[in-house]
1. Find the percent of Cα-Cα distances in the stretch A:18-214 that exceed 21 Å, and round it to a whole number.
2. If you place +1 on the Cβ of every Lys and Arg, -1 on the Cβ of every Asp and Glu, and leave all else neutral, what size is the dipole of the protein assembly as shown about its Cα centre, to the nearest 20 Debye?
3. Per-residue Cβ counts within 10 Å, from other chains only, averaged over B:130-143: what number is that?
4. From the residues A:Val183, A:Asn146, A:Pro197, which one has its Cα farthest along the dipole of the stretch A:18-214 in the positive direction, the dipole being from +1 and -1 charges on Cβ of Lys/Arg and Asp/Glu about the Cα centre?
5. Below 8 Å, C-alpha to C-alpha, sequence gap of six or more: please give me the relative contact order for the stretch B:96-226 in percent.
6. Got the B:Pro68 label distances to the other copies yet, label 7 Å along Cα→Cβ, in nm, shortest first?
7. For A:99-108, what's the mean count of beta carbons from other chains sitting within 10 Å of each residue's beta carbon?
8. Counting alpha carbon pairs within less than 8 Å and at least 6 residues apart, what relative contact order, in whole percent, applies to chain A?
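Just so it is clear, none of the values below were taken in a lab; they were calculated from the coordinates. Remember, it's a predicted structure, so these values are computed and weren't measured experimentally. With ideal geometry, Cβ positions are generated from the backbone for all residues, glycine too; neighbour counts draw on all protein chains shown.
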Protein chains: 2
Amino acid sequence: MPAPAIGPTGRSALRRKRERGDHDRTVVNAILDEGLVCHVGFSAGGSTYVTPMAYARIGDDLYLHGAPANRTLRALAEGAEACVTVTLLDGIVLARSAFHHSMNFRSVMLFGRAEQVADPDEQRRAAAALADHLAPGRSRDARGPNDRELRSVLIVRFPIAEGSAKVRTGPPLDDEDDLGLPVWAGEVPLRLESTDPVPDPALGPGVPVPAYVTGHRTRSPDPGPG
Amino acid sequence: MPAPAIGPTGRSALRRKRERGDHDRTVVNAILDEGLVCHVGFSAGGSTYVTPMAYARIGDDLYLHGAPANRTLRALAEGAEACVTVTLLDGIVLARSAFHHSMNFRSVMLFGRAEQVADPDEQRRAAAALADHLAPGRSRDARGPNDRELRSVLIVRFPIAEGSAKVRTGPPLDDEDDLGLPVWAGEVPLRLESTDPVPDPALGPGVPVPAYVTGHRTRSPDPGPG
């Protein structure tokens, strides 16, 4: 059974370039699962704050965690209206004219209010999801949280219920009159790649490097020239 | 002469983990110049919006541009209090315990109000900077904006005057008691890499591929195992 679409509401309705927008939950979830950093926005005292944070998805919720002194987490736990945006940068789009330069990207913008997670079982599931989101399978190896840690961490759950995805792909969209200019135009694809892992200097001898470390983000095929 | 530091003010003072924070303009500028996407936050009608946008720096200002119908640009042009955040993801930090997992990153968070750019000369400089930010040197090849384009685009200037940088580097910070666990710990470095350029299908024959395309983001040395 397909998941229900998210939105649209007034603020999440796609206002422009509708062909780039999507309320399909499958598209939204794929972007959320590929991203590593979200940008969390909220307002307080006349200022808006946009903070990069780690996150993980479980079903229809995102989980964020950190120290209780973290300003963003505290605001979210207190029910602040928030916006959570995840952006994947896929390429630079070079057009023949300066103003048609663009970027290929996939992004999700979510609106809503978070709730603090107090139940220890849900906290443990969130901790596992946060580790697995960084490296799939990691939660099987890492030591799970103990009671003291669960009491001293702040975890919030943010609903994936209102928002939209936006996707731009493909070549530049130059004016017809510019197509004959002797200027290279096209896309420079970008991707986030891992390089050789750097062991913790405190790592003892004989601890094997797990497959989720050696194979991290190196498997995506090169699309090559189109 | 070094540029003046930015901030700190109440909202940009570094509240926690001060060793990770920095108000040094050199650090701030380096992060802004390496990033490609910023996340722009503002509030209106009780909602906060966080939108990914391209940008470019000229001196002590960031420039953003787009269609006049763009909600974020319009709010900025009207003087909305905004927060502009740029985040570079440098690595995944795998700790022995779930809650000490982290990410290595460099980010800049700026606060302020933008102003609309109406002067055609400044608009042209911004257009060139936006193209050059995507691919250094691009503005020499691309057709510059004409008067019609300058009248139909919205460009805003956001001051780099109040804010801070945050940087996390290095290995995980596990509890002493966990150091002996037989679990691999360390960093998986990440970097944004370009792959083979994809020419626009409408590109005519014989147009050479510029060096800023073939050499785009492929030159950073691999740090290798530490």
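1. Cα-Cα pairs of the stretch A:18-214 separated by over 21 Å account for 62 percent.
2. With Lys and Arg at +1 and Asp and Glu at -1, about 720 debye.
3. Partner-chain Cβ atoms within 10 Å, mean over residues of B:130-143: 5.
4. Value: A:Asn146.
5. Working: 105 pairs, mean separation 46.3, N = 131.
It comes to 35 percent, rounded to a whole number.
6. 5.2
7. Averaged over the peptide's residues, the number is 5.
8. Averaging sequence separation for qualifying contacts and normalising by length gives 25 percent for chain A.
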